[in-house]
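Data block below; observations after.
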Amino acid sequence: MIEYIKGQLASLTPTDAVIEAGGIGYLLEISLTTYSALENMKGEVKLMVHEVIREDAHVLFGFSEERERSLFRLLIGVSGVGANTARIILSSIPVAELEIVITSGDHTRLKNVKGIGIKTAQRIIVDLKDKIKPGDDALLIQPPVTNESFDEALAALLMLGFPRPQSQKVLKKLFDADPALKVEAAIKKALSML
């Protein structure tokens, strides 16, 4: 198993990152939380890794911190929650907030995440409530606003499998209401509206 990858950040989108280490470019699927952590970084980066080996693919998931990776591993251990669903959950709800949502039994907040029904939300809470201890909240540094925020948010939604027309409609509504909306915030809001 690969524990972490440390190297130069070759490319970054809201859904994946490529890290070059030892002359090899590793594609890692990431959450919006990790995207935000990497967005302003230059030079060498280190991502914690969770490796999924299937018959047809070897997929690497990258996390900027161990706390997020641990929560991801707990989520995929719940029946009915796959790796992509866990990534959408972690992209929709920040790690510290998700820990509180699960420990407090707030299945309504979980149910609002795209692809999570009431039964899955309840199963997540029942399975993980006693396994999670909420940590201290860390201060999140928001990425600077760019002119490409709309395009990046749209690209992320399309990569997550949402249809272009609905994604554009939701993002247009969000950016009309708040033109200074950051990419991460736009995607999180859009995920709850799609």
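Working from Cα pairs under 8 Å separated by at least six residues, relative contact order for the stretch 44-95 is 25 percent.
Along the stretch 5-18 the Karplus relation, 6.51 cos²θ - 1.76 cosθ + 1.60 evaluated at θ = phi - 60°, assigns HN-Hα couplings of 10, 10, x, 7, 6, 7, 7, 8, 10, x, 10, 8, 9, 10 Hz to successive residues, with x for each Gly and Pro. Applying 1/(1 + (r/R0)^6) with R0 = 41 Å to the Cβ-Cβ distance of ALA21 and LYS133 gives a FRET efficiency near 0.80.
Taking 1.306 mPa s as the viscosity and 10 °C as the temperature, the Stokes-Einstein diffusion coefficient of the stretch 48-126 based on its alpha-carbon Kirkwood radius rounds to 124 µm²/s.
Under a 1.4 Å probe, what is the accessible area of the stretch 1-153 per residue, stated in Å²? Please list the in-between numbers first.
Values: 7940 Å² over 153 residues.
I get 52 Å² per residue for this part.
Grab the DSSP H runs of the chain that are 4 residues or longer, score each as -39,500 (n - 2.57), total them, divide by all residues and round the 222 nm result to the nearest 500 deg cm²/dmol. Mind dumping the intermediate values first?
On the way: 9 runs with 90 residues, N = 194.
After summing the helix terms and dividing by residue count, I get -13500 deg cm²/dmol.
A straight Cα-to-Cα reach below 17 Å connects LYS114 with the lysines LYS169, LYS188, LYS189, residues fewer than 8 places away in its own chain not being considered.
Please report, as a whole percent, how much of the solvent-accessible surface of the chain comes from carbon and sulfur atoms (probe radius 1.4 Å). Walk me through the numbers before you get to the answer.
Numbers: 5270 of 10050 Å².
The nonpolar share, carbon plus sulfur, comes to 52 percent.
With the cut-off at under 16 Å, measuring from each backbone N in the stretch 74-101 to a point 7 Å along the Cα-to-Cβ line of GLN122 picks out 79-80. Subtracting the Cα-Cα distance of ASN40 and SER79 from 0.36 nm times their residue separation leaves 10.5 nm of extension gain.
When the chain is treated as a GNM with alpha-carbon contacts under 10 Å, the residue of ARG69, ARG164, ARG87 showing the greatest mean-square fluctuation is ARG164.
The values are calculated or read from the model by the stated rules, or taken from the named source; none is laboratory data. Note that the structure is a prediction, hence the values are computed from the model and not measured. Neighbour counts are summed over all protein chains in view; Cβ atoms, including those assigned to glycine, are modelled from backbone coordinates with ideal geometry. Note: areas computed on protein heavy atoms with side chains; ligands, DNA, RNA excluded. Shrake-Rupley method; radii C 1.70, N 1.55, O 1.52, S 1.80 Å.
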